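Chemist: This structure is in structure tokens; I'll ask about it shortly.
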Amino acid sequence: MKAKYINPFTDFGFKKIFGEEASKPLLLDFLNAILPKNDKIAVLSFKNNEQLGQTEFDRKAIYDIYCENEKGEKFIVELQKAKQNYFKEGTIYYATFPIQEQAERGEWNYNLKAVYCIGILDFTFDDYESEPEKSEVIHTIKLKNQNEKTFYDKLTYIYLEMPNFKKNEADLKTRIEKWLYFIKHLEDFQTIPSIFNDEVFSKAFEKAEIAKYGAIELDNYENSLKSYRDLKGVIDTAFDEGKLEGKLEIAKSLKLLGIEINVISKSTGLTNEEIEKL
């Protein structure tokens, strides 16, 4: 059966639902569903998602979505489609940019605004594969000391392991569970489930309906869907065959498939320069 709605794990689909100016109410609702009550956002604005290092020799970071709330707190929202080497290190590296950009010239007391890094993962962490009882969906991580006391509360990592989310429609109770169900099953829906009976989700389904796209958007989505399938196919096969260390071979395969260099870089940990030389 032909899909009625887009795949939100594609670059096009993810940004269509959460990354456009008209999608801001959806992103705001999604983030507030994840955050603690005391950290709720009232106003959200998009920022430049390309972050440059301080010198021409520094590496840069390109986020899927980068935004800021009314208090100046920063939010990085990343869709991660496949496993990669040093994934956790990569997200920590990304967090350094919104921290560094807060530096002020001259005298400054280092009073930083909070930074949140949110990753929607289309895979599971290796750490828990041998411990099924620990297969949580939402991981909230802060900097703590040896006694499990929070040392610094302005840097928060939130990872959503989508494969671990297995609830049915009848079991959904919280707002974040509804969003997770929406993201995981959107491409499979032919009608809108009754659980999604409010204005925010109505807007989300409207933006996700393929029949509403013109020729250019439809072509962009089809290309994005092909890239997503090719990327997952190559990287998942590499993991299955124990070839994860062969990053150069994976990158070569993805490059031959026409996958964008920035996407290959995020998926393998290689620099753009290393990939261009292949």
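The values are calculated or read from the model by the stated rules, or taken from the named source; none is laboratory data. In this text the structure is predicted, and so the values were computed from the model without any measurement. Using ideal geometry, Cβ is built from the backbone for each residue, glycine included, and neighbour counts are taken over all protein chains shown. Just so you know, the surface numbers come from the protein's heavy atoms only, side chains and all, with ligands and any DNA or RNA stripped out. Shrake-Rupley method; radii C 1.70, N 1.55, O 1.52, S 1.80 Å.
Chemist: Remind me, relative contact order of region 131-209 in percent, using alpha carbon pairs under 8 angstrom and six or more residues apart? Don't skip to the answer; put the middle values down first.
Modeler: Numbers: 54 pairs, mean separation 16.5, N = 79.
Rounded, it is 21 percent for region 131-209.
Chemist: From the protein chains alone at 1.4 Å, what is the descending order of accessible area for TYR110, TYR228, largest first?
Modeler: Numbers: TYR110 165, TYR228 25 Å².
Ranking TYR110, TYR228 by accessible area, largest first, yields TYR110, TYR228.
Chemist: For ALA251, what is the net charge nearby, where nearby means another residue's Cβ is under 11 Å from its Cβ and Lys, Arg count +1, Asp, Glu -1? Walk me through the numbers on the way to the answer.
Modeler: Working: positive: LYS247, LYS252, LYS255, LYS277; negative: GLU249, GLU274, GLU276.
My count for the surroundings of ALA251 gives +1.
Chemist: Summing +1 for each Lys or Arg and -1 for each Asp or Glu, what net charge is found among the other residues whose Cβ lies under 14 Å from the Cβ of PRO193?
Modeler: -2
Chemist: So between GLU273 and TYR93, what do we pick up on full extension, going 0.36 nm a residue minus the alpha carbon distance?
Modeler: Numbers: separation 180, 0.36 × 180 = 64.80 nm, distance 1.83 nm.
Separation in residues times 0.36 nm, less the Cα-Cα distance, equals 63.0 nm.
Chemist: When the chain is fully extended, how far beyond the present Cα-Cα distance does GLU101 get from TYR86, taking 0.36 nm per residue of separation? Don't jump to the answer; show the numbers that get you there.
Modeler: Details: separation 15, 0.36 × 15 = 5.40 nm, distance 2.39 nm.
Net length gain for the segment: 3.0 nm.
Chemist: ALA22 label point, 7 Å along Cα→Cβ, cut-off 18 Å on backbone N: hits in region 201-236?
Modeler: 201-222
Chemist: Also, quick follow-up: For region 64-178, I need the span (max minus min coordinate) of the C-alpha atoms along each principal axis, in Å, sorted largest to smallest.
Modeler: Projected onto its principal axes, the Cα set of region 64-178 covers 54, 32, 29 Å.
Chemist: Also, quick follow-up: What is the percent of Cα-Cα separations in region 156-231 that go past 14 Å?
Modeler: Result: 70 percent of Cα pairs exceed 14 Å.
Chemist: At 7 Å along Cα-to-Cβ for each site, give me the label-to-label distance between ALA170 and GLU136 in nm.
Modeler: Distance between label points: 2.9 nm.
Chemist: Here's something else I'd like to know. Among DSSP beta bridges whose residues both lie in the chain, state the antiparallel percentage, nearest 5. Mind showing how you got there, number by number?
Modeler: Numbers: 16 of 30 bridges.
The antiparallel fraction comes to roughly 55 percent.
Chemist: Percent of accessible area on the chain owned by carbon and sulfur, 1.4 Å probe? Write down the numbers at each step before the final one.
Modeler: Numbers: 7730 of 15290 Å².
Roughly 51 percent of what the probe reaches on the chain is carbon or sulfur.
Chemist: Please compute the per residue accessible area over the chain with all protein chains in place, 1.4 Å probe, rounded to a whole number of Å².
Modeler: Details: 15290 Å² over 278 residues.
Value returned for the chain: 55 Å² of accessible area per residue.
Chemist: Quick check on the chain: what does the Kirkwood estimate of hydrodynamic radius come out to from the alpha carbon pairs, in Å? Don't skip to the end; give the middle numbers.
Modeler: Numbers: mean 1/r = 0.0495 Å⁻¹.
Taking the inverse mean of 1/r over all distinct Cα pairs, the chain comes out at 20.2 Å.
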